[in-house]
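This report refers to the structure that appears directly beneath it.
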Amino acid sequence: MNDFAELLNDLILSPSRNKKIDLLKNFFCKSNLKDKGWAFCILTNRMDRKFVSVKELKELIIENSDEDLFRFSYDYVGDLAETISLLWQSNNEKNTNINLHEFMEIFSNFDHKNKLKTKLKYFLDRSSENQRFTIIKILTGGLRVGVSNGLIKEALKLSGVREKSEIEEFWHGFKLPCTDLFEWLDGKKLPKYINRKKLFNSFMLANNYNSNEFKSFKTDDYIAEFKWDGIRAQIIFSEDGKIFSRNGEDITNSFCDINTFIKGYFVVDGEIVVKKNNKVLSFNHLQKRIGRKNPSKKLIEDYPIHFIAYDILFYTSVDCRALSLIERKKYLNRFINICKFSNISTSSLIKFSSWDQLQNIKETSLNNHIEGVIIKKKTSLYKKGRVVDGWYKWKRNPFSVDFIIMYAQRGHGKRSSFYSDFTFGCWVDEQFTKLVPVGKAYSGYTNDELKSLDRWVRNNTVERFGPVRSLKPGLVVEISFDNINYSSRHKSGVALRFPRFTRIRWDKPISQVCSLKYIKDLIN
Amino acid sequence: MRKTNINWLKKKREGLFCVPGNFFIDPVFPVEKALITHAHTDHARPNNKSIFSSKETIELMHLRYGESYCSDFQIARFDEKIKINDVTVQIHPAGHILGSVQFLINYKGYRLLISGDYKRTKDKTCLSYEPVKCDTFITEATFGLPIFNHPNDQNEVKKLIKSIKANVNKTHLIGVYALGKCQRLITLLRNLGYDETIYLHGALTKISNFYSKNNIILGNISNISECSKSEYANKLVLCPPSSLNDKWSQKFKNVVKGYASGWMRIRQRVKQKNIELPLILSDHADWDEILKTVNDVNPNEVLVTHGREEALVHYLTKKNFKSSALNLIGFEDENE
């Protein structure tokens, strides 16, 4: 446990990628097999559940300390695990000698839900501050220690005999507690339960469009498709089919209205959207389906799923990833002709002869649920991640409106000392007397702008409610957003998609900000 | 303008004002007469007409501000009570940095103790804090949250020595405040047997030499400009925190960056500042020290300023102390 707590702490504080890889490699080399396996599961977030809820943790710390002191401290620190580990009072503080795997086995096999808090308290009482932090992070999931999967793969390569490509291929197959992964890395055979044909394959991702680069690109070498505002998915069509999300999570059950059963083995890449009466609906509609593991019949009827396929990775025994895009498109069409499922279609290609024309199509296309276009090189192979000269996303120009800052809240994590989350609003009507909140933004500014905003907030506070400050109306900011829709959930009646700061208008008077009517008119 | 419980103390734009004494304490704008608790720039500003403080504080202000440090000064001594208009004032050590004092102000038998910044941990570079019984106590709350619990200072400095030994080819660049923290870190290093030359950023030399002149033993210290680039490896270099990420620091290629501060308690702050080697070393009282001090001086009323007042006021009220936040302006920055 102590080694792992130290590893986490070192990872958090190490600025360089190489140092982090080094730390991981050293840990994997010196630890025992079981500890390695669990550490790997924790670092890659493979745990299938949270062992303890935020509510239970808060109850524990309030019993141990004081409700108000906890609240003040949490507002200040901005990280629950760190707040609790610093605040925890113990008469008996010393390092636990328990191994990581022993600890994990206790909590993995713990059935007495009502005794969980007592058990956790037992460990927190017998731990150092750093160990408490580690324990809470493990049990709540989501470490955020700045370790990407790519980094871990690199460390695995260095601590065994396997090539990176092999690790990449079987990465998603190993099961908790992953001790067999480390045996395999040392040269043993793959565990029998791993079936390559059931595994998620890493996605190819799009680079951002860059106008300078594109000047020299010939349009003939590229195709373009619309970028739909849905969720990316990989579907394995087979006798035991599966649907995976962008990060490889199994979402088959959530989208059970897509038929994945077919003889053979086909892996298809595309976008999940909601489509009704032949029309793709907004992301808001899709949100009703996301995360619902067993959607009701009614939900399925109200929000029917459609899969827009745009690429194919495997066509039976053919590994299409090694073929050019044009070849892959042919295989994809063959597949669509075979499967004939009504809620699966191919993404259509946009006809264009110059980049200017494509830009025009992108901006003027009437469908509201297009985020932009994706441009793909015809000769490109299907490779993992963002590949040079592969795919490019060219987003629609966002909407941009000036709003007034109304509330500010302290940020979390890295920005916990700053007022970094802002609620902005506009005038209710043309009388310019009352404001209504329209949305929340917490990105888009530079670090220096954040410091100025923070100072402005502190000097213009009207009232404080815990971490939130209500502010004197006085600061105008330009907010960009990708889309706008009606919403019954918000007081203003509208919901903005991905609002972010584009400019701080220090000089602009608040009387020049628009009213809600103007905002609503943007929807059409 | 909100009155405190004692009606002869007022908050003004310039800062805290003692009416019967006709002076300000640590004013943020120039005034006729100012009592200065210590020489940190958020407490001691230039251009006051007349200042009253310890000998060291006045000399440090002169060193920092040149001739604008004041037009006239009066040195306070620990063993004397000075009458200023209708009050008497006596200074007591605050244990914060060299020359730092508390002011005990007596008006018609009512005793007001203004602590300025203080700590209770022993520090060889200054006199230890002296608790004084009083009626109203004004305390700082820079670390006024129960999450702040400063660890043993020697153990923190041992971390630095260990890192220097483990990374012989690297330069250790440690951010420290020029006045106080820098010299305290050096004396702690010397006590633990680190006797190599310690190199300083130019901004730290003047004050360190002042400490040496005041018989605080810093051992071999040298300006980093006297060290050639080829010899940077394995050196310990102290610099102001702002220099850790500026152009100056880029000349050190193979470097471990550290920062000696009470804020290093919080990992997220450490990360924000890109610090690899956090040293939790503070010249302010932590939560337990503040509570201990309130108990020691045993006042009727506690006024809280500088930092996280809410939690402390809440806690003291719960413990049956009359307590409120002073809400002075100009002190909200999280400086030590």
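Numbers for the structure displayed
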| quantity | calculated |
| --- | --- |
| Per-residue mean of C-beta atoms belonging to partner chains within 10 Å, peptide A:4-15 | 2 |
| FRET E, pair B:Asn85, A:Asn447, Förster distance 56 Å, beta-carbon r, rounded to 0.05 | 0.70 |
| About the Cα centre, charge dipole magnitude for the range B:250-298 (Lys/Arg +1, Asp/Glu -1 at Cβ), debye | 600 |
| Sulfur and carbon atoms: percent of accessible area, the range B:209-336 [1.4 Å] | 44 |
| Total lysine pairs whose alpha carbons fall under 13 Å of each other in the range A:355-413 (8 or more apart, or interchain) | 4 |
| Förster radius 22 Å - calculated FRET efficiency between A:Arg292 and A:Ser400, Cβ distance, rounded to 0.05 | 0.05 |
| A:Phe432-B:Ser324 pseudo-label distance in nm [points 7 Å out on the Cα-to-Cβ vector] | 3.9 |
| Nitroxide proxy distance, nm - points 7 Å out along Cα→Cβ at B:Asn155 and A:Asp221 | 6.1 |
| Neighbourhood net charge (14 Å Cβ-Cβ; Lys/Arg +1, Asp/Glu -1) for A:Asn32 | -3 |
| Cβ neighbours within 10 Å from other chains - mean over A:67-76 | 5 |
| Neighbouring partner chain Cβ atoms per residue of B:260-267, average, 10 Å criterion | 4 |
| Separation in nanometres of the label points that stand 7 Å from Cα toward Cβ, at A:Asp68 and B:Asn298 | 2.5 |
| Highest to lowest packing among B:43-49, B:32-38, scored as the average C-beta count within 10 Å | B:32-38, B:43-49 |
| Fraction of beta bridges assigned by DSSP in the protein assembly as shown that are antiparallel (%, nearest 5) | 65 |
| Mean Cβ neighbour count within 10 Å, used as a protection proxy, ranking A:428-437, A:136-145 highest first | A:136-145, A:428-437 |
| Most mobile of B:Glu231, B:Glu156, B:Glu130 in a GNM of chain B (Cα contacts under 10 Å) | B:Glu231 |
| Charge sum, other residues only, whose C-beta stays under 13 Å from A:Thr346's C-beta, Lys/Arg counted +1 and Asp/Glu -1 | +1 |
| Efficiency of FRET between A:Glu463 and B:His314 - r from beta-carbon atoms, R0 30 angstrom, step 0.05 | 0.95 |
| Rounded, prolate or oblate (a/c below 1.5 giving rounded, otherwise prolate when a/b exceeds b/c) for the range B:153-279 by Cα gyration tensor | rounded |
| Charge tally in the Cβ shell below 13 Å around A:Thr219, where Lys, Arg are +1 and Asp, Glu are -1, A:Thr219 excluded | +3 |
| Rounded percent of accessible protein surface that carbon and sulfur make up, chain A, 1.4 Å probe | 47 |
| Accessible area per residue, Å², chain A with all protein chains present, probe 1.4 Å | 48 |
| Among beta bridges that DSSP assigns inside chain B, antiparallel share in %, nearest 5 | 35 |
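The values are calculated or read from the model by the stated rules, or taken from the named source; none is laboratory data. Bear in mind the structure is a predicted one, so any value in this text is a computation, not a measurement. Backbone-built Cβ (ideal geometry, glycine too); neighbour counts: all protein chains shown. Each accessible area value is taken on the protein alone, full model and side chains, heavy atoms only, with ligands, DNA and RNA left out. Shrake-Rupley method; radii C 1.70, N 1.55, O 1.52, S 1.80 Å.
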